[in-house]
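Below is one structure; the comments refer to it alone.
Since every read-out is calculated from the coordinates, none of them should be taken as a lab result. Everything numeric here is computed off the predicted structure, so don't read it as measured data. Cβ: placed from backbone, ideal geometry, glycine included. Neighbour counts: every protein chain shown.
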Amino acid sequence: MHIPDGFIAPQVYGPAYGVAGVLWTVGLRRLRRELDPVAVPRLAVATAAAFALMLVTVPLPGGTTVHVSGVGMIAALFGAWNAFLALSLVFLMQALMFGDGGVTALPVNALAMGLAGSLAAVGVLHVLGRRTIGLFAAGWIGTVVPAALVALVLGLQPLVAKAADGTPLFFPFGWSVTLPAVVVPHLLVGVADGVLTVLAWRILAPKEAA
Amino acid sequence: MKDRLLLVSYLAAVVAGSVVHDARLLAAGAALVIASAGAGAPRVLRRVVRAALPFALAVSLGYVVAARADLDAAGTVLLRLNARVLLLVGLAFRILPAVDLHRALGFAPTLRFVLVLATSQVLTFRRLFTDFRQALDARSPRRVGLVAALRHGAATAAWFARRAEHDATAMTEALDARGFFLDRD
């Protein structure tokens, strides 16, 4: 689902950095205040697990990639704020250490997957509870919502950045291509993420919460 | 300081690369960045192509099919797009290997701490995953079946989770013993 460098216009990644920057600052302050020596290792493990899962990518014709993300898993285990930070950290490592994802796409990925995906997953858990069906639905929605947002952002590029002759300067396809090309495969990937969330909860969840 | 300067330079170059829209300038920039690696240029180029090709190819082919009635205009768009991707990915592979990310992020101790923990776990995951896979291959006289591979994957994942959590706990307790968590606001 990562967007490589060169596909997102500055008119989009500039404001996205502004919004994400504020949220990262607030999140790091919360992290310093609230996390204890027991919770920090779990966050590190979940971050590393999400990183490892995202390394296995398959490119899609719409210009992006498909893979399980672990968004629902991390959101179920640590809540939306910490999931946002953990996934942002994953994107930072991928962009700066492995050249995967790109720094111009980092805030978009962080906001779509880390924030919106986590909030959607936590919302589903709030409604359905942390039973198997709730965890599965959280994993599924934590994949599908970010996919839809990424597709919307990609499809926005030809509208916000075009040359004088009307040709696109960045990602060239509109929503009629990006929405089906990105969202449809993720409806299936979401099933894998749902199963992953259920299994991860059974292995990693705090005993008092499981 | 050197690492932070390099990182800031890289970010500035990326912004510059995304506000220039002349395909010739972008292509020249990409060529310059890759050539600046000297004897290492072919290796940088290989890494850039390997990282960018799947995306660039998928988008380019899709665009050619969609704009088959006007291939001239499509050529201009694709030249600009691919030159930009080549430049930006080239910058990443040319500059970032020289940056010590942990030093560059020294201005944010909490971020650096979590980054160190996560990096250590990532390296553990990668090395041990290879060990486990090779062990399964060595124990299997014939090609491993799907069920056996799934069972092996599940057992490996559970082992990874426990091992990584144990290691991260040990590192955190070591930092705790040295007072890292005492200076929280």
Nearest 10 degrees, 0 to 90: helix B:23-35 Cα axis against chain B principal axis: 50 degrees
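With n ≥ 4 as the cut-off for DSSP H runs, can you work out [θ] at 222 nm for the protein assembly as shown, using -39500 (n - 2.57) per run divided by the number of residues, rounded to the nearest 500? Please list the in-between numbers first.
Details: 16 runs with 286 residues, N = 395.
The per-residue figure over the protein assembly as shown is -24500 deg cm²/dmol.
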For region A:75-88, 3J(HN,Hα) per residue [Karplus equation, 6.51 cos²θ - 1.76 cosθ + 1.60, θ = phi - 60°, Hz, x = Gly/Pro]: 5, 5, 7, 10, x, 5, 4, 5, 5, 4, 5, 4, 6, 4
Estimated vicinal HN-Hα couplings, Hz - region B:56-68 in sequence order (Karplus 6.51, -1.76, 1.60; Gly, Pro = x): 4, 5, 4, 5, 5, 5, x, 5, 4, 5, 5, 10, 4
Net lengthening on full extension, B:Arg139/B:Val65 (0.36 nm per residue, minus Cα-Cα): 21.8 nm
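Starting from the Cα gyration tensor of region B:35-185, take the square roots of the eigenvalues, sort them a ≥ b ≥ c, and report rounded, prolate or oblate (rounded when a/c is under 1.5, otherwise prolate if a/b is larger than b/c, else oblate). Intermediate values should be presented prior to the final figure.
Details: a/c = 2.56, a/b = 1.39, b/c = 1.84.
Oblate shape, in that a/c is at least 1.5 and b/c is the bigger or equal ratio.
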Region B:82-185: trypsin sites (Lys or Arg not before Pro) in DSSP loop, at most 10 other beta carbons within 10 Å: B:Arg142, B:Arg143, B:Arg178
Rounded tilt (10° steps) of B:109-139 against the dominant C-alpha axis of chain B: 80 degrees
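Within 10 Å, count the other beta carbons around each residue, average over each peptide in B:27-36, A:110-119, and list them highest first.
Values: B:27-36: 17.5, A:110-119: 26.0.
Ranked from most to least packed, the peptides come out as A:110-119, B:27-36.
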For region A:155-161, Karplus couplings with θ = phi - 60° (6.51, -1.76, 1.60), whole Hz, Gly/Pro x: x, 6, 4, x, 7, 8, 9
Residue of B:Leu128, B:Leu26, B:Leu53 that the Gaussian network model of chain B assigns the largest fluctuation, springs spanning Cα pairs under 10 Å: B:Leu128
Cut-off under 5 Å, modelled amide H: who pairs with A:Lys162 long-range: A:Leu169
Dipole of the protein assembly as shown, positive end: most advanced residue of B:Gly145, B:Ala41, B:Pro54 [Cβ charges, Cα centre]: B:Gly145
Neighbouring partner chain Cβ atoms per residue of B:75-87, average, 10 Å criterion: 3
